[in-house]
1. Quickly work out the A175-to-F117 label distance, labels modelled 7 Å from Cα along the C-beta direction, and quote it in nm with one decimal.
2. Points 7 angstrom from Cα along the Cβ direction at L51 and V110: gap in nanometres?
3. For the pair R158/L73, report the inter-label distance in nm, with labels modelled 7 Å from Cα in the Cβ direction.
4. Would you mind calculating the gained length between S187 and A146 on full extension (0.36 nm times residue separation, minus the Cα-Cα distance), in nm to one decimal?
5. In Å, the Kirkwood hydrodynamic radius of the stretch 71-166 over pairs of distinct alpha carbons?
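Bear in mind these aren't lab numbers, they're just calculated from the coordinates by the rules spelled out. As the structure is a prediction and not an experimental result, all values here were calculated from the model. Here the Cβ positions follow ideal geometry from the backbone for every residue, glycine too, while neighbour counts run over all protein chains shown.
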Amino acid sequence: MHALVLSALVASSAGAEEGQGPSRVRPARAPTFTSTRLSVQPHWPLASFELSAVVTGARNVFFGLDLVAGVPLGWPTKARRRDRLASGWVVMPLIEGSYGGVSGPLCEGVRLCGDRFVVGPGLKFGHGVGVEGEGGVVRPTRMLYAQLGFIAGRVDIRSAPLSPGNAWWEAGLRARVGGHLGSLDVSQPGGASSFSFNVAVVTELILVSPLTRGWTVGGAIGVAF
């Protein structure tokens, strides 16, 4: 009797195991990755600077150092999403200041007789090309531009044995047309260097001055960074 009961239990257990199918294995979800570099919008740097030697003149000549500091506005674009090369229009509000010496008929025979300091706001408009660096920053290594600004300052003529000293204020407009000339290297983030050469033709229209009113023309050469 016991043998029959035991045989029935074994048979029912075996039948249950045969009817049970294999357990279903759910595939694990593959991790997803996003490229942060591709999602960053290229943009010009927060600030731009130019340091140049400038010479302007007609009858009298001014030569000195010129510093431009501005904020480039605009959005450079790339031809292909994965390219580093980007280009676009630039509008840059700026402050410009120049300091140097004065020579000419004002000096009454002396080669260098005075100092001139001018400063004022301006606006720069151009088209630049650069290489995208870290964080999407594109520095315009090559650019053609036009710039117009208002300048005001002081001219100080030192006294000499045969001529008394003199000083006056002057104000006017300064315009320039030029370009940034730099090398582009798309294999390196940010390009080949962090600066480019700046060359421009400079002209001034002095509107307020007792002695130096009128047009002057010259040039500037330096670096932009």
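1. Modelled inter-label distance: 2.9 nm.
2. About 2.9 nm, to one decimal.
3. Placing both labels 7 Å along Cα→Cβ, they lie 4.3 nm apart.
4. So the extension gain works out to 11.7 nm.
5. For the stretch 71-166, the Kirkwood estimate is 16.6 Å.
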